[in-house]
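Structure first, then comments.
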Amino acid sequence: MLKRDFIMVQIEEIGKMVVQLVLNRNDGNDGNDGNPAQSEDLLATIYKSLQTTTDFLLTHSPAEIRERLNLDDGCGLERAELAAKTLIEESYRREDPLPLRRKARELIEFVQANDNTFSLERMQLLQELND
């Protein structure tokens, strides 16, 4: 139980970094410059924490990604959702965002289908990715 709590705290910390990416993006869209250098550092930190890379995510199936992100604790679905959100944020920094957004949609659909809970947030993300 204690190990599971510790793992969930780690996952929550990665989630906070994703939120910071969103805030940096929104700052840039509001006429402010945002902080591109901080965003790049956050992306690198998130991928390092997830023990994956953009290339791995783009070239593997959702099931393979989940298996890789399971590590030794079985929390691959939670990490896959964070990876999908990270891909979405990274897509805003790319000239060609479509591959990242497609993979993010595929991962979110996979998480939604395999998770025991229904998430309105995931459904909203899917809707945004389909628009």
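Taking region 100-113 as the range and being loosely packed, with under 15 Cβ neighbours inside 10 Å and under 14 Å from Leu57 (Cβ atoms) as the test, only Arg102 passes.
Applying the criterion of being free of Cβ contacts under 8 Å to residues at least 60 places away in the same chain and of a type in the set (Phe, Trp, Tyr) to the residues of region 92-131, the residue that is farthest from Gly74 (Cα to Cα) is Phe118.
For region 84-97, enumerate the residues that are closer than 21 Å to Pro36 by Cβ and aliphatic (A, V, I, L, M). Once the filter is applied, which keeps residues that are closer than 21 Å to Pro36 by Cβ and aliphatic (A, V, I, L, M), region 84-97 yields Leu87, Ile88.
Bear in mind that the values in this text are calculations on the coordinates, not laboratory data. Since we're looking at a predicted model, the values are computed, not measured. Cβ: placed from backbone, ideal geometry, glycine included. Neighbour counts: every protein chain shown.
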